[in-house]
Amino acid sequence: MQKKESSSTKPLKQACNPLAPLPPLGMDADAISYDFRRYFAHTLGRVDHCKSSHYPYKALALAIRDRLIERWKMTRTTYEKDDCKRTFYLSLEFLMGRTLSNAILNLDVSEEVSQAFMDLGINLDDIRESEPDAGLGNGGLGRLAACFLDSCATLQLPVRGYGLRYEYGMFRQHIANGQQIEDPDHWLRDGNPWELERPEYTQRIRFCGHTEHINGSLRWVDTQDVLAVPYDLPIPGYRNGTVNTLRLWKAAATDEFNLEEFNAGSYTEAVEAKNDAEHITMVLYPNDASENGKELRLRQQYFLASASLKDVIREWKESHSDFDNFADKNCFQLNDTHPSISIAELMRQLMDEQGFSWDKAWHVTSSTMAYTNHTLLPEALERWPVKLFKCLLPRLLEIIYEINARFLGQVASRWPGDTDRLRRMSIIEEGEVPMVRMAYLAIVGSFSINGVAALHTELLKQGLFQDFFEFWPERFNNKTNGVTPRRWLAASNPSLRKLIDETVGNGWISDLPALEKLASLADNSAFQRKWQKVKTENKLRLAKLVKDDCNVQFDTDALFDVQVKRIHEYKRQLLNILHVIHLYNRIKVGDTENWTKRCVLIGGKAAPGYQMAKLIIKLINSVARVVNNDRQVGHLLKVAFLPNYRVTAMEVIAPGTDLSEQISTAGKEASGTGNMKFMMNGAVTIGTLDGANIEILEEVGEANFFLFGLTSEEVEAMRAHYMPNSIIEQDSDLKRVMQLLESGYFNQFEPGIFDPIIESIRNPYDPWMTAADFRGYLDSQEQAAMAYQDQKHWTRMSIFNSAKSGRFSTDRTIQEYNHDVWKLKPVVAPSVNESGQ
């Protein structure tokens, strides 16, 4: 008689196959609560009287991550089975912000998580606040990259991001005596529960050494090697089961330390190689004012490019026997000029490691690389000394020289005898210190070159890259930037999301043009009251942030006038504070009839080596100190500088803003994305005809936008005869502002400190034309102040701005990239339940 199997043996038999699929994890409140408690108690070893909110955050993150991983594996497996065409998005920045709230929203478990924590008696908001902002980016470039990944996953496009896993973010900013102080931003101090280390995909990256030609082949030898260790982050689409990947590279030494040196007592020397290697991914954007800083920046760029390309080729070879259709199945999108070394590096890997001929390698490279330019400032186009290149990347320099020689041959054939054009277009800039022009390398090696707003693209074609546009007009195209509505409206403005859902349904979250339905309600009194109630709630949140971080009390009845972005002269925070000085002067002389109360908020970081930008921060804080402590001013005007501006702060700022300051010198801002976040949340823009402001104006019309300033053409025309001193003399308001500045009124105990700012305003060669736009700015600000007094009219403008923001979703931007450049097909992975997991 056969022995009957006892039930106690069944789990043991199942356990003998560790790869057997597990049942899907529950998505209900009870299942999430159970996993949270299990992680909290067993994985993290905490007890119920634990005071720190860090451990509950980590336990919840792990519980949510498990549910992402189920869908992550299904997405990856489906891509592999389909052998689909894929795009790889290379960016030195990914400004992700916090992950928890976004993951909960995109997994569609917001109500379940809220219910679970209500039952547990735990404040979910406290847990959310425990998560640090990921220090993987600085400004608009990195935030755009993060939005792009969100939209790619939501559109179910097979796109993987590649970046660097910085141990420290750019810096944490605090203000002391009105000045910016930079502190280390060790965002990884407590680990990152969202990441998965993938050591099996570690790559070896070469630096220095020299090249040798032996028997017709070339070898790069005597190199100083560094390991690139990948860490993966999940990027969930909005409620569709797709989870894409952001792969970040960490630098590590090939050997942890030299044991022989250590045993000899040379402890510092023993770990020197380890420390040198880890410097590559230690800090986002090291200060490149020094030669060491420049070298480290170039190391970072090559490290990203080489590791990412090696990873793609490794993956390709695992499932393909040859490279015959590699170019048809892969596309590399270079996010700005930083990763442009990828063009020479792909050539190197294909020729030196895969045995391609030059022509075959160039065909693959130039068919797969696409370049996005994000700046009109020539100094931001990445130029590296040839001497540095030769020392750090000798093989890459040889390849760049060959690319340049062949390219200039084409140019010479097209324009015989035009030596000036050859000089202008050469990748190698000759001179006392020969330089490698990385933007030119990107153009020559890419099949697509795009700007990021209509004006920006036209200025690239007619100015910065005119010679290249004349040579390859078909390569140039525009892709106006956007922002993801999931984070920047649905997650960051829950009150407005609820109102919109109740009014037009929730389809807008993945189809933002559906907000157009709100336009018909812009004059509806009942809807306006609901809209105003939401805005007041959001202004209270923002006022609390300002009080907590700046110790300045904002009155929610006042006009909230906000400019938050990287501090740079072309963004003209200086123009903003000149207007504040003008308002202050009006109050002091008693010109307050029909006054509109105003709260001015400015925030942003200045690059550590950018002294003028740091001085502007000092001026803002000096003016704020005087204004806020003057009893005569009282509640009429408040000014605050928000320290350590970051993604999480913007999630509070954008919903609470009334007036969005987008006041850059025309022709200098590539696009801007802050303008879109504010617009989406119902702020009204005051701005110049610059970047995407132009397209915002096209959508909302002049009646819902406060326009001022010179056009880009007028800026250029004025340069030859710009006379700011004459402008100042003829404008009594500007003259009085300058008198207050020059008298030291805001720096009585620091005489002369603002002289460089005063000189820049009066300088006839001021590229930012501050004095030229002052009068127009004042007039527009007065129009905004008067409009705000009519709350019915202002609310109408606010609703209309949100209603017309559909064009500025990254879903639209990514659809355009895909249609014109990537040509990917959406890939739908089976649901977790369908897969049998």
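Would you give the gap between the C-alpha center of the stretch 299-328 and the C-alpha center of the stretch 483-533, rounded to a whole Å?
43
For SER712, what is the net charge nearby, where nearby means another residue's Cβ is under 14 Å from its Cβ and Lys, Arg count +1, Asp, Glu -1?
That works out to -4.
Quantify, in whole percent, the carbon and sulfur part of the accessible surface of the stretch 560-602 (1.4 Å probe; protein heavy atoms only).
Roughly 37 percent of what the probe reaches on the stretch 560-602 is carbon or sulfur.
Please give the length that would be gained between ASP28 and GLU729 if that part of the chain were fully extended, namely 0.36 nm times their separation in residues minus their C-alpha to C-alpha distance (nm, one decimal).
Separation in residues times 0.36 nm, less the Cα-Cα distance, equals 245.4 nm.
Anything in the chain that counts as a DSSP H helix reaching 24 Å or more along its axis (C-alpha) with Kyte-Doolittle mean of at least 0.5? List them, would you?
611-628
Solvent-accessible area per residue for the chain at a 1.4 Å probe radius, Å²?
Dividing the accessible area of the chain by its residue count gives 41 Å².
Full extension from GLU200 to ASP418: what is 0.36 nm times the residue separation minus their Cα-Cα distance, to one decimal in nm?
73.2 nm
For the stretch 95-148, take every pair of Cα atoms, bin their distances at 10 Å starting from 0, and report each bin as a whole percent.
Distribution as computed: 22, 43, 25, 10, 0 percent.
According to the square roots a ≥ b ≥ c of the eigenvalues of the Cα gyration tensor, what is the shape class of the stretch 64-117, taking rounded for a/c under 1.5, prolate for a/b larger than b/c otherwise, and oblate for the remainder?
Oblate.
Would you mind getting me the FRET efficiency between THR43 and GLU129? Use the beta-carbon distance for r and R0 = 22 Å, nearest 0.05.
0.50
Could you state the per residue volume, in Å³, of the convex hull enclosing the Cα atoms of the stretch 297-424?
With only Cα atoms used, the stretch 297-424 gives 128 Å³ per residue.
If the stretch 344-483 were replaced by its equivalent ellipsoid, with semi-axes equal to the square roots of 5 times the Cα gyration tensor eigenvalues, what would those be, largest first, whole Å?
24, 19, 16
I'd like the FRET efficiency for LEU377 and CYS208, computed as 1/(1 + (r/R0)^6) with the beta carbon distance as r and R0 of 30 Å, rounded to 0.05.
0.45
Calculate the length of the line joining the C-alpha centroid of the stretch 182-209 to that of the stretch 83-134, in whole Å.
21
Which of rounded, prolate or oblate describes the stretch 625-693 when judged by the alpha-carbon gyration tensor and an a/c cut-off of 1.5?
It comes out prolate by the Cα gyration axes.
Starting from the 7 Å offset along Cα-to-Cβ, what nm value, one decimal, do you get for the label separation of SER357 and ASP779?
6.6
Which residues does the label zone of GLU318 cover in the stretch 192-234, counting backbone N under 18 Å from a point 7 Å along Cα→Cβ?
Output list for this probe position: 196-204, 228-234.
Just checking my list (1) 101, 81, 62; (2) 91, 62, 51; (3) 108, 91, 53 against Cα extents along the principal axes in Å computed from this structure; which label fits?
(1)
State the extension gain, in nm to one decimal, for the chain segment bounded by GLU742 and ASN477, taking 0.36 nm per residue of separation less the distance between their alpha-carbons.
Taking 0.36 nm per residue and subtracting the Cα distance, the gain is 90.7 nm.
Using alpha-carbon positions, what is the distance between the centroids of the stretch 402-433 and the stretch 764-837, in Å?
Their Cα centres are 40 Å away from one another.
With a Förster radius of 22 Å, plug the Cβ-Cβ distance of CYS84 and LYS517 into 1/(1 + (r/R0)^6) and report the FRET value to the nearest 0.05.
That pair, CYS84 with LYS517, gives E of 0.05.
As a check on your grasp of the helix formula, calculate [θ] at 222 nm for the chain: sum -39500 (n - 2.57) over DSSP H runs of n ≥ 4, divide by the residue count, round to the nearest 500.
Result for the chain, helices only: -13500 deg cm²/dmol.
Please work out whether the stretch 155-255 counts as rounded, prolate or oblate from its C-alpha gyration tensor, where a ≥ b ≥ c are the square roots of the eigenvalues and a/c under 1.5 means rounded, while otherwise a/b larger than b/c means prolate and anything else oblate?
Taking the square roots of the gyration eigenvalues as a ≥ b ≥ c, the stretch 155-255 is oblate.
Residues of the stretch 31-56 with amide nitrogen under 16 Å from the 7 Å Cα-to-Cβ point of GLU111?
Under cut-off, by backbone N: 31-32.
The values are calculated or read from the model by the stated rules, or taken from the named source; none is laboratory data. Note that the coordinates shown come from a computational prediction; the quantities given were computed from them, not determined experimentally. Neighbour counts are summed over all protein chains in view; Cβ atoms, including those assigned to glycine, are modelled from backbone coordinates with ideal geometry. Accessible surface areas use protein heavy atoms only, side chains included; no ligands, DNA or RNA. Shrake-Rupley method; radii C 1.70, N 1.55, O 1.52, S 1.80 Å.
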